[in-house]
Amino acid sequence: VIRLTVNGTPHELEVPSYRTLLDCLRYDLGLTGSKEGCGVGVCGACTVLLDGKMISSCIALAVFADGRSVTTVEGIAEDERLHPVQQAFVDSGGFQCGICTPGQIVSAKALLDTIPNPSDAEIREWMLGNLCRCTGYYKIVESIRAAAQRSPA
Amino acid sequence: MMAHRIIGQSIGRIDGIGKVSGESRYSGDVTLPGLVWGKALRSPLPHARIVRIDTSRAKALAGVLAVLTARDLPDILVGRRMFDMPMLARDRVRFIGEKVAVIAAVDPDVAEEALALIDVEYEDLPAVFDPVEAIQAGAPILHANPAAYEGALPERPHPNVQSVLRFKLGDVEAGFREADRTFEHTFRTQLDHQGYLEPHAGVVAIDEEGRVQVWASNKMPFRLKELLSHALRLPPERIRVNLTPIGGDFGGKGSLMDLPLAYHLARVTGRPVKMLMRYAEELMAGNPRHPSVITMRTGVRNDGRIVARRVKALFNSGAYAAFKPAPSVNLGGTGMGAGVYRIPNLLIESFCVYSNNIPCGHARSPGEPQMVFAGESHMDMIARELALDPADLRRRNLLRDGDHLANGHHLEHVRASDTLEAALKASHWSEPKPGPWIGRGMAMTHRHIGVGFTNARVRLETSGTVTLSIALPDTGTGAHLVLRQVAAEVLGLAIGEVEIEIANTDDFTTDSGVGGSRVTHTGGRAAFHAAEKLKEQIQTEASKHGLSVSARAEIAQAAAKDGRTLEASHFYDAKAHGAVTSFTAQVAEVAVDPATGQVTVRHFTTAHDVGTIINPIGHQGQIEGGLIQGLGFALIEEMKTEEGRISTLSLGDFKLPTIQDIPPLTTVILQDPVGPGPFNAKAIGEGSISAVAPAIANAVADACGVRILDLPITAEKVYYALREKVAP
């Protein structure tokens, strides 16, 4: 039995010791926003925040999150309004197919929480672990730049 | 140019709110009551006879509901055009990764565990891996009688040849006799995955009425229905394909993949079945881009004019032809062996060859990145031999109005020269290079505007908004937004007043789906004409009730009172390619590190001859995305294979470009509203990928005198070539 808080909601559930956090989120809690891409912690599609820090949930065990707080893409929006990062990805074409986007959004939010006004070099450094095959990344950089300008500093 | 309100507006991806919020449900996210999981056991050997399969231990594992082998399935071969692939290997495996058994279990972990409990005894057979060796006399034969397969073409110079595709203009032998000089070079390109980040996923359920409900990462729902009907021997009306967003396609998401097996598991267990490939399975048994060996021989006059060209391409197609969708069972992109040039005497021959490797399929502009790498490298090598500026050699041979492509299509509105000059200007081609070990290279290509057929329906709601119904899946390009913009423009509405409704295969009779750079054209025209018809209905209805045409809610309500809905459909069918194409000219500026051979792209210029741009954000997104895929193909990506065994089985080993790999980019757009699409749009999705590799290869040669003939251009290759060059 593990206890974890996901997007502000506490959960108590029984999971096998080998269950990944990603499968736990997707299949036990029905939060399918986080995606499995590579399955080996390289592509970043499964990125979530664990106590505010980015992790690849496909290679983290659910039991590892016991007693901790998880934020997924479903927990980024504030009430009904999209988070500035989400809105910027829509406005600037920061996604196409969208499969990597939950991870991009979570990572970009963590970036802006840490560095509110990042340079392009800082954006590229931070977002290195989030692969995208559709956009060629240019519009992801633009989106994050736009979000930084939009966010209340 | 006519002024538009909505067409040409940089509207953001308002069709993708669910993608940033996490609410969009892809096929892998679909869940149903009682859902169970399917997993396939794959062959560890490249070519072997299956002596015995013992599934008893797997069947006995708690939580396992079914284990199937070929013996449990009807003897039906599957494919997209040529039907040569068993759903599960029957008596024989032909590549590492071929499915030999499939399991249904209550959860994915139990299914994985059960796989290890299936015992298969194999007996090795002689195997062949290289496409050149595969068509020698005495090579191991993969298929006893390929000609007997449904969809097979008759020409077969060797039993390991899947298909031969030929393009011919003039008299190539006579042309070579006119040549002052003749050049011949051979190029190789690597096995490369499309790199979509969503592995193939599918859910199949048999509902209470006995209908087969399918959710799949497949971009051609109606073709999928036909292919499933064929594979399952079910009438098509028993099958419904439900559309979901697709997590990247790039040509790779058009096949049945695991769906027939998911159906049989659903049939046997009475439960809905989900099958997700892991990425390792994608890299072992997806349907990647064909590796190639391409020999180009070109005859030129002393002034640089090309008089003849002969191209021979061998594509290593792997163990089955099943993934190729074209009637030629070959790659149409091989026609690009002629490049963007007028070549009066031309013969291109393309052979797709069986071998004991992963079966290959379509990847963004199938065949073209391979052919354009060969052709545009070849052009630069010829220019160097003739002591001509590579730009001058191209200028002397560019296509002009009235010329014919390799496939015989004649061309109009040819802007090859304008596109080239624009790229040269923007890249400062003729200015001195900023330093030593820095080089510039150019390459050109062109890409047709796709054809096909699409159904669209538009309806005026009593709220006054319009609903556009379409059964084209969203592969990520923003096509749904483009279609909304088209309908909104025609109907004089704001973009927010047109909503899209994703239909399924019950709602329309047919649709050619996504692919071949067709959707803006076919979907756009279907939406355009349907909207025009609705506009007429609105006008008629308005005058009948004495209402203004802008009082849409009142008009719809008045019609509803009479028991009518204002609704119009259009089926648009473009059968043949028109006389217009889109040219691309690209220039790479690279730096080569002499100590390591590392190639850094310092700057990249891409120029495109396009039609009316409907959504500039989406249009530019296609250019950038394709270009970085081309960059990966040029420098980074390679599925390394040894004796049929792919050693790069994760995205940690098979590397895709990251956000750190993108060069500073200049895009030049030449807009010419002459396309066949709505508002004279053309296509853009496959325009930017193919010329990237040769532009970089040519820049590397310019920087350090090293000519790389096989992709990718790794630091090792450049390093060793540099060492060889320096050594006497």
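Quick notes on this structure:
- The mean number of partner chain beta-carbon atoms within 10 angstrom of a residue's beta-carbon across peptide B:21-33 is 5.
- Between chain B and chain A, the total buried accessible area stands at approximately 4200 Å², from heavy atoms with a 1.4 Å probe.
- Amide proton proximity set for B:Ala683, modelled H, under 5 Å, gap of 5+: B:Gly611
- The overall shape of chain B, judged from the alpha-carbon gyration tensor, is oblate: a/c is not under 1.5, and a/b is no greater than b/c.
- Dividing the convex hull volume of the alpha carbon atoms of region B:413-506 by its residue count gives 193 Å³ per residue.
- Solvent exposure, largest accessible area first (probe 1.4 Å, DNA, RNA and ligands not counted), of B:Thr667, B:Thr419: B:Thr667, B:Thr419
- Distance from the alpha carbon centroid of region A:1-46 to that of region B:396-433 works out to 53 angstrom.
- Each listed q (0.12, 0.19 Å⁻¹) maps to a log10 I(q)/I(0) for chain A, found by the Debye formula over equal Cα scatterers with no solvent: -0.47, -1.11.
- Label-to-label distance, nm, for residues given as B:Val268 and B:Phe571 (7 Å Cα→Cβ offset): 3.9 nm
- Taking the centroid of alpha carbons for each part, region A:54-119 and region B:446-506 are 30 Å apart.
- Approximate spin-label separation B:Glu385-B:Asn145, in nm, with each point projected 7 Å along Cα-to-Cβ: 4.6 nm
- For the listed peptides B:129-139, B:238-248, a ranking on the average number of other beta carbons within 10 Å per residue, highest first, reads B:238-248, B:129-139.
- One compactness figure for region B:586-715 is 1.20, namely its Cα radius of gyration divided by 2.2 N^0.38 Å.
- Taking chain B and dividing mean pair separation by its residue count, relative contact order in percent (alpha carbons under 8 Å, at least six apart): 16 percent
- Amide proton proximity set for B:Gln162, modelled H, under 5 Å, gap of 5+: B:Cys352, B:Val353, B:Tyr354
- Convex hull projection area averaged over all views, region B:194-303, Cα basis, nm²: 10.6 nm²
- Think of each Lys and Arg Cβ as +1 and each Asp and Glu Cβ as -1; about the Cα centre, that makes the dipole of region B:276-399 roughly 320 debye.
- Three-way shape call for the protein assembly as shown based on the alpha-carbon gyration tensor, with the a/c threshold at 1.5: rounded
- Distribution of pairwise C-alpha distances over region B:103-210, 5 Å bins, in %: 2, 6, 8, 9, 11, 14, 15, 12, 8, 5, 3, 3, 3, 1, 0
- A compact globular protein would have a Cα radius of gyration near 2.2 N^0.38 Å; the ratio found for region B:328-469 is 1.44.
- In region B:276-372, a dipole from Cβ-located charges (positive for Lys and Arg, negative for Asp and Glu) runs towards its positive end, and of B:Leu347, B:Ile358, B:Pro291 it is B:Leu347 whose Cα lies farthest in that direction.
- Projected label distance in nm at B:Arg25 and B:Arg177, using a 7 Å step from Cα toward the beta-carbon: 7.0 nm
- Counting only other chain Cβ atoms within 10 Å of each residue's Cβ, the peptide B:623-629 averages 5.
- Selected from B:Val590, B:Ala559, B:His608, residue furthest toward positive end of dipole (region B:499-655; charges at beta carbon): B:Ala559
- With a cut-off of 13 Å between beta carbons, the residues surrounding B:Leu265 carry a summed charge of +3, where Lys and Arg count +1 and Asp and Glu -1.
- Taking amide H as placed 1.01 Å from N in the peptide plane, the amide H of B:Met85 sits under 5 Å from that of B:Val78, each at least 5 places away or on another chain.
- Across B:Lys253/B:Lys425; B:Lys274/B:Lys640; A:Lys53/B:Lys219; B:Lys433/B:Lys725, pairs whose alpha-carbon gap is larger than 27 Å: B:Lys253/B:Lys425; B:Lys274/B:Lys640; A:Lys53/B:Lys219
- Our helix-only sum for chain B, with -39,500 (n - 2.57) per DSSP H run of n ≥ 4 divided by its residues, gives a mean residue ellipticity at 222 nm of -8000 deg cm²/dmol.
- Per the Kirkwood formula applied to alpha carbons, region B:145-256 shows a radius of gyration over Rh ratio, Rg over Rh, of 1.17.
The values are calculated or read from the model by the stated rules, or taken from the named source; none is laboratory data. Just so we're clear, the structure is a prediction, and the values are computed from it rather than from any experiment. Heads up, the Cβs are rebuilt from the backbone with ideal geometry, glycines too, and the neighbour counts pull from every protein chain shown. For accessibility, only protein heavy atoms count, side chains too; no ligands or nucleic acids. Shrake-Rupley method; radii C 1.70, N 1.55, O 1.52, S 1.80 Å.
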